[in-house]
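Okay, so here's the structure we're looking at.
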Amino acid sequence: TRITDAEVMELRYPVHLNRFEIRENSGGNGRFKGGDGIIREIEFLENVEVSLIRQHQEQQPYGLEGGENGKTGKHLLRKLDGTTFSSTEFSAEKGDILTIWTPGGGGFGKEE
């Protein structure tokens, strides 16, 4: 997952990052735990067209050598009127908020 710094994202695009944190316990367990994903909550400051590139939202990132799978990613757009939906291409209006949960990595090896 590419992680663009909040300051860079806000400088380049008409957005404000309300939340940018580690997605605790999203990595699979194992002798070596899979890495945790992140959570980003992005508020749009003007009307925009959005296209998302995503992966591991239907199938969990797999663990190896007995390690557990990581959690799948997901994303959700919350409109100003409170309705929500998930799509990879959409129009967002000023005040809409997109929350993205990136997938966690699969664990490696059986826990001892």
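The values are calculated or read from the model by the stated rules, or taken from the named source; none is laboratory data. All figures in this text were calculated on a predicted structure; none of them were measured in a lab. For neighbour counting, all protein chains shown are included, and Cβ atoms are generated from backbone atoms with ideal geometry for every residue, glycine included. Side chains are part of the model used for accessible areas, which takes the heavy atoms of the whole protein and leaves out ligands, DNA and RNA. Shrake-Rupley method; radii C 1.70, N 1.55, O 1.52, S 1.80 Å.
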Which condition breaks for Thr83 when tested against (1) without any contact (Cβ under 8 Å) to a residue 12 or more places away in the chain; (2) surrounded by 11 or more Cβ atoms within 10 Å (Cβ to Cβ)? (2)
Answer residue from the stretch 75-112, given it is charged (D, E, K, R) and outside any loop (DSSP other than H, G, I, E, B) and is modelled with the lowest pLDDT among those: Glu89
Pairing a residue in the stretch 9-31 that is under 16 Å from Gln60 (Cα atoms) with any residue that is of a type in the set (Ser, Thr, Tyr) and not in a strand (DSSP E or B), where Cβ atoms lie under 7 Å and the two sit 6 or more apart in sequence or on different chains, gives Arg23/Thr102
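Only one of Glu46, Glu41, Glu21 is open to solvent by less than 40 Å² (accessible area, probe 1.4 Å) and either assigned to a strand (DSSP E or B) or not polar (S, T, N, Q) (or both). Can you tell me which?
The conditions single out Glu41.
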Does the stretch 61-70 contain at least one residue that is open to solvent by 70 Å² or more (accessible area, probe 1.4 Å) and more than 21 Å from Ile22 (Cα to Cα)? yes
Out of the residues in the stretch 24-38 meeting the condition of being assigned to a strand (DSSP E or B) and open to solvent by less than 70 Å² (accessible area, probe 1.4 Å), tell me which one is farthest from Gly106 (Cα to Cα). Ile38
